[in-house]
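All of the numbers you see were taken from the coordinates with simple rules; none came from a lab. The model shown is predicted, which means the values in this text are computed figures rather than measured ones. All Cβ positions, even for glycine, are placed from backbone atoms using ideal geometry, and neighbour counts span all protein chains on display.
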Amino acid sequence: MVYHLGDAQRLAENLDNGSVSVDPRWRTDTPQGQWAVVRDVLLGCGVLFLILTLLMVGLLRM
């Protein structure tokens, strides 16, 4: 997951002030955060599958 610089700076300022407002997508105990984790895992599996498929095709052509 990528965090934008502005979001990180806003969070740091809120931590200093004692008032933290965390985006629900950043938290794993919210539906949005859980979906973000699932999405990242599925994306990683898709990339791994693509790489392995390309390697197998390359090996079969040898």
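Angle between the Cα long axis of helix 5-17 and the longest principal axis of the chain, 0 to 90 degrees, nearest 10?
Tilt relative to the chain: about 30 degrees.
Considering the dipole of the chain built from charges on the beta carbon (Lys and Arg +1, Asp and Glu -1) around the Cα centre, which of 43, 19, 62 is farthest to its positive end?
Checked the options; the winner is 62.
Report, in deg cm²/dmol and to the nearest 500, the calculated mean residue ellipticity at 222 nm for the chain, where each DSSP H run with n ≥ 4 adds -39500 (n - 2.57) and the sum is divided by the residue count. Mind dumping the intermediate values first?
Working: 2 runs with 43 residues, N = 62.
The helix-only estimate for the chain comes to -24000 deg cm²/dmol at 222 nm.
If I fit a long axis through the Cα atoms of helix 31-60 and take the longest principal axis of the Cα atoms of the chain, what angle between them do I get, 0 to 90°, rounded to 10?
Approximately 20 degrees, to the nearest ten.
Just need log10 I(q)/I(0) for the chain at q = 0.15 Å⁻¹, Debye formula, equal scatterers on the alpha-carbon atoms, no solvent, rounded to two decimals.
-0.63
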